[in-house]
Amino acid sequence: MRRTDREQLHDGLIAQHHYLGYTQPVGEHLKYLVFSGGRPIVCCTFSSSPRHIGCRDRFIGWDASTRRANINLIAYNTRFLILPWVEVKCLASHVLSRIVHRICADWEALYRHGIYFIETFVDTERFAGTCYKAANWKYLGLTTGRGKDDLTHKANRSIKAVWGYPLREDFREILTRVHG
């Protein structure tokens with residue numbers, strides 16, 4: 001859903017109801033808006049992945065140069081929101097499971113290249129990551145809490161749990177290969 005009225009609805013709902021608010025996704029991105037009975041119930045955004053995530057890079061088997069070459073082959077779940085009027089047991093893990101089965105085709109249709117792994121950060125001070133675990137995402141480790149522009153080498157934000165989901169069994173082989 002890009003450049004449509006539904007995208008504006010998605011962005012407005014995120015701005016109004018997500019604890020982090022709305023920020024324009026960086027680089028390539030997809031937005032999902034799930035409806036039930038004609039009403040929106042879930043908003044979900046994926047974008048280009050952050051450059052340096054140590055636990056993710058170790059899980060994939062990346063060195064610095066391979067990561068730079070292949071970072072565009074993974075996507076980052078930047079926002080996930082079940083709207084406050086929705087109370088459906090297991091909805092979050094159900095939606096995440098459905099998205100992982102379609103995001104590859106959606107990404108390739110829009111950007112003309114595949115993605116092979118998706119990731120997200122869960123603020124450990126607010127959430128446990130239960131819906132990601134229930135949707136078979138893998139816990140990869142913790143961030144350092146320093147952010148991308150850190151110069152102090154000290155935590156300056158909350159530490160996040162990193163969760164990932166391989167979109168193909170051979171994701172490591174693809175992501176550690178130097179693509180020309």
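The values are calculated or read from the model by the stated rules, or taken from the named source; none is laboratory data. Computed from a prediction, not measured in an experiment: that's the story for all the values here. Reconstructed Cβ throughout: ideal geometry from the backbone, glycine too, with neighbour counts over all protein chains shown.
Quick notes on this one:
- Within the option set 21, 27, 37, being at pLDDT below 95, in contact with a Ser or Thr (Cβ under 9 Å, 6 or more places away or on another chain) and small (Gly, Ala, Ser) holds for one residue only, 27.
- Residues in segment 63-121 that are assigned to a helix (DSSP H, G or I) and aromatic (Phe, Trp, Tyr) were compared, and the one that is farthest from residue 45 (Cα to Cα) is 111.
- Check on residue 93, at pLDDT 95 or above, touching a Ser or Thr at 6+ places or on another chain (Cβ under 9 Å) and over 29 Å from residue 177 (Cα atoms): yes
- Matching residues, segment 1-18, being modelled with pLDDT of 95 or more and not aliphatic (A, V, I, L, M): 10, 11, 12, 16, 17, 18
- Residues of segment 1-51 satisfying the condition of being loosely packed, with under 15 Cβ neighbours inside 10 Å, touching a residue at least 60 places away in the same chain (Cβ under 8 Å) and not charged (D, E, K, R): 19
- The set of residues from segment 111-141 being modelled with pLDDT of 95 or more and among the aliphatic types (A, V, I, L, M) comprises 115, 118, 122, 134, 135, 140.
- Of the candidates 73, 83, the single residue that is surrounded by 12 or more Cβ atoms within 10 Å (Cβ to Cβ), among the hydrophobic types (A, V, I, L, M, F, W, C), over 22 Å from residue 143 (Cα atoms) and at pLDDT 95 or above is 83.
- Scan of segment 142-180 for residues that are at pLDDT 95 or above and among the small types (Gly, Ala, Ser), ordered by number: 161, 164
- Each residue in segment 105-122 was checked for being more than 30 Å from residue 144 (Cβ to Cβ) and touching a residue at least 12 places away in the same chain (Cβ under 8 Å), and 2 of them qualify.
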